1. Of all residues in the stretch A:224-258, which are among the hydroxyl-bearing types (Ser, Thr, Tyr) and under 18 Å from A:ALA203 (Cβ atoms)?
2. Regarding the stretch A:123-144, can at least one residue be identified that is more than 22 Å from A:ASP275 (Cβ to Cβ), surrounded by 14 or more Cβ atoms within 10 Å (Cβ to Cβ) and polar (S, T, N, Q)?
3. For the stretch B:149-156, indicate whether the set of residues that are farther than 30 Å from A:SER51 by Cβ and open to solvent by less than 20 Å² (accessible area, probe 1.4 Å) is non-empty.
4. From A:VAL71, A:VAL95, A:VAL63, which residue is crowded, with 16+ Cβ neighbours inside 10 Å, in the same structural domain as A:ARG114 (by TED's automatic domain parsing) and modelled with pLDDT of 95 or more?
5. Assuming A:VAL233 fulfils every condition listed in (1) assigned to a helix (DSSP H, G or I); (2) surrounded by fewer than 21 Cβ atoms within 10 Å (Cβ to Cβ) apart from one, which condition is it?
6. Mind counting the residues in the stretch A:165-203 that are exposed (fewer than 14 other Cβ atoms within 10 Å of the Cβ) and either acidic (Asp, Glu) or assigned to a loop (DSSP other than H, G, I, E, B) (or both)?
7. Where in the stretch A:55-153 are there helices (runs of 4 or more DSSP H), lying wholly inside it, with at least 3 residues that are within 14 Å of another protein chain (Cβ to nearest Cβ) and either touching a Gly at 6+ places or on another chain (Cβ under 6 Å) or closer than 30 Å to A:GLU250 by Cα (or both)?
8. Looking at (1) within 11 Å of DNA strand D (Cβ to nearest atom); (2) buried (at least 20 other Cβ atoms within 10 Å of the Cβ); (3) in contact (Cβ under 8 Å) with a residue 24 or more places away in the chain, which is the one condition that is false for A:ASP2?
Number of protein chains: 2
Amino acid sequence: MDLRRLVYFVAVAEELHFGRAASRLAIAQPPLSRQIAQLESDLGVMLIDRSRSQIRLTQAGNVLLERARDVLERLDRTHREIKRIGEGFSGHLRVAFVGSATYGVLPNVIKAFRSAYPDVELALSAMNNAEQKRAVIQREIDIAVARPSLDDEELKSEPLLQEPLILALSDTSPLLERQVTRLSALKSETFVLYPRKPRPSFADHILNICLEEGFIPKSQVLAQDYQTAISLVSVGVGIALVPKSVSQAERPGVAYRAYEGHNPGTALSLNYRRDNRMPHLFNFLKVAQDVVRRQRKP
Amino acid sequence: MDLRRLVYFVAVAEELHFGRAASRLAIAQPPLSRQIAQLESDLGVMLIDRSRSQIRLTQAGNVLLERARDVLERLDRTHREIKRIGEGFSGHLRVAFVGSATYGVLPNVIKAFRSAYPDVELALSAMNNAEQKRAVIQREIDIAVARPSLDDEELKSEPLLQEPLILALSDTSPLLERQVTRLSALKSETFVLYPRKPRPSFADHILNICLEEGFIPKSQVLAQDYQTAISLVSVGVGIALVPKSVSQAERPGVAYRAYEGHNPGTALSLNYRRDNRMPHLFNFLKVAQDVVRRQRKP
DNA sequence: TGCGCTGATGACCAATCGGTATCGAACCCG
DNA sequence: CGGGTTCGATACCGATTGGTCATCAGCGCA
């Protein structure tokens with residue numbers, strides 16, 4: 001049962017006149033007659049009663065008209081649906097992010113994406129870098145918002161944001177009395193660091209900064225993530241270096257200060273499989289870059 | 001969106017392999033690749049991610065697979081449905097009959113048709129000849145079971161059954177004492193007749209019989225139909241000539257007797273439009289003739 | 001009875017489809 | 001890391017199919 005024939009049949013059934021149906025279909029009358037005849041012989045059923053000058057549908061014809069309209073309408077809807085998915089206006093996108101991205105631009109990016117593509121279902125999940133890498137490679141997620149970036153042959157990474165580091169101190173710390181703190185002046189403080197694996201880790205990053213400033217923290221404490229680090233700082237365990245955006249979340253017992261000294265900052269990046277061509281992905285990248293650009297301007 | 005392409009796409013989507021899909025479809029691989037590419041460009045959407053050796057469906061592809069299966073299955077069901085209608089195994093048939101057919105073969109014909117074609121919806125209605133003629137010509141009904149037949153250029157009529165006439169008498173009638181009654185012996189009885197219009201009417205038919213027997217009933221009473229006639233007979237108004245099958249319905253106060261004399265009987269016929277080619281009609285005719293033939297045999 | 005309308009049919013041409021041969025990229029394996 | 005293998009894409013050719021134009025045949029109407 002060819003689709004074209006169904007369209008032709010519906011036209012004839014609606015016009016009840018081959019000539020008019022043909023002109024509605026923008027074809028000549030003979031091929032229309034032939035296609036209908038072909039359809040009838042395919043089905044082995046008369047669909048149109050031509051015994052009079054005014055043609056009429058048989059019972060089979062009436063039922064087919066109903067079914068054909070239904071099918072054609074479904075195909076039409078499907079066409080539009082597919083097209084919207086193909087343009088990234090519908091469907092779903094799975095995004096994972098490091099916990100520390102929660103305070104910075106990411107919420108704005110999400111908000112912007114949602115309002116630009118309200119019919120795209122966003123599946124968000126928090127993961128650390130290692131989990132992100134695994135998940136994005138295994139296609140469990142489409143985009144990883146990582147810090148600083150995921151490095152893999154299969155992946156592409158593009159920078160989203162560069163932000164400076166900032167010092168997190170207990171709000172009872174005597175260090176708060178000074179206006180500016182030189183990093184090297186803190187060499188005897190206890191530093192809250194981060195897991196060493198996988199290399200290169202954010203812990204290495206911090207230690208390198210210290211090295212640049214000419215010292216190695218004598219006392220080190222490990223925390224799983226920034227949240228834990230800040231908690232440790234708040235109870236007076238020590239000091240920590242965190243991305244500036246983390247300071248946006250006020251926390252009792254913690255104060256933030258800029259410091260003097262080597263500050264290479266830290267980067268947020270968008271990571272995805274090289275072979276992932278889905279439009280939603282590119283739309284998300286675009287929206288994210290736009291949000292960052294707009295946020296930096298004013 | 002060509003239907004063939006949908007079938008091809010479903011095959012590829014299910015096999016996730018062009019070669020296997022092609023052999024399943026019994027075509028070569030190149031045309032399959034081309035048809036899929038064509039489908040994609042028609043829709044303006046990538047449906048299959050070919051970036052790896054193991055191909056995979058895109059989001060749009062997944063949705064299309066679902067929709068395409070649905071549509072193809074609907075078309076398949078429609079195909080079967082239409083075919084059944086075309087063979088007369090499904091659909092509906094509108095039959096009208098004269099009231100006097102209620103007692104004879106008609107119930108058996110209906111029963112036989114229902115059991116042979118249980119999915120055909122039978123619409124039955126009682127009509128007199130004039131109504132039947134109008135209705136069948138205007139296509140409000142498909143078959144008219146008439147007595148004796150409908151005569152019209154547009155119609156075809158085929159005999160269903162020939163049955164003798166029988167005498168209906170009051171069960172208190174002294175005529176019952178004789179074994180056989182000669183019709184001409186009843187010339188002074190009151191005859192219950194039937195409407196004279198439209199000509200030739202059943203009244204004319206009865207009067208002709210009397211004429212053949214050499215008399216004209218002196219006393220005549222009119223009844224709309226056989227039921228009324230029998231009622232009149234039961235209350236002693238007079239006697240009536242009715243088709244033998246009418247006597248199958250026992251009625252208090254009425255007795256039936258064969259008579260001696262001219263008995264041309266009366267016919268039941270099946271009438272339908274010449275241009276009505278619907279299979280249900282022919283199936284009905286066949287079943288009706290079969291029932292009559294079988295009933296006559298034993 | 002002839003004319004007009006309508007759908008069917010036949011001849012011919014163009015577009016589409018499927019087949020074969022071949023290519024090129026990715027993957028596998030030693 | 002290089003050669004063979006696998007798999008989808010491309011190029012080209014013949015066959016099928018769909019379209020146009022011209023014409024025919026049946027029915028209704030004057």
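1. A:TYR226, A:THR228, A:SER231
2. yes
3. Within the stretch B:149-156, the subset farther than 30 Å from A:SER51 by Cβ is none.
No, that holds for no residue.
4. Numbers: A:VAL71 fails: in the same structural domain as A:ARG114 (by TED's automatic domain parsing); A:VAL63 fails: in the same structural domain as A:ARG114 (by TED's automatic domain parsing).
Going through A:VAL71, A:VAL95, A:VAL63 in turn, the sole match is A:VAL95.
5. If we test A:VAL233 against (1) assigned to a helix (DSSP H, G or I); (2) surrounded by fewer than 21 Cβ atoms within 10 Å (Cβ to Cβ), just (2) comes out false.
6. Qualifying residue count for the region: 11.
7. Details: elements: A:59-86, A:106-116, A:129-137.
Helices (runs of 4 or more DSSP H) meeting the threshold: A:59-86.
8. (2)
The values are calculated or read from the model by the stated rules, or taken from the named source; none is laboratory data. All of these numbers come straight from a predicted model, not from anything done at the bench. Here Cβ is always computed from backbone atoms with ideal geometry, including for glycine, and neighbour counts include all displayed protein chains. Protein only, heavy atoms only, side chains kept; ligands, DNA and RNA dropped before computing areas. Shrake-Rupley method; radii C 1.70, N 1.55, O 1.52, S 1.80 Å.
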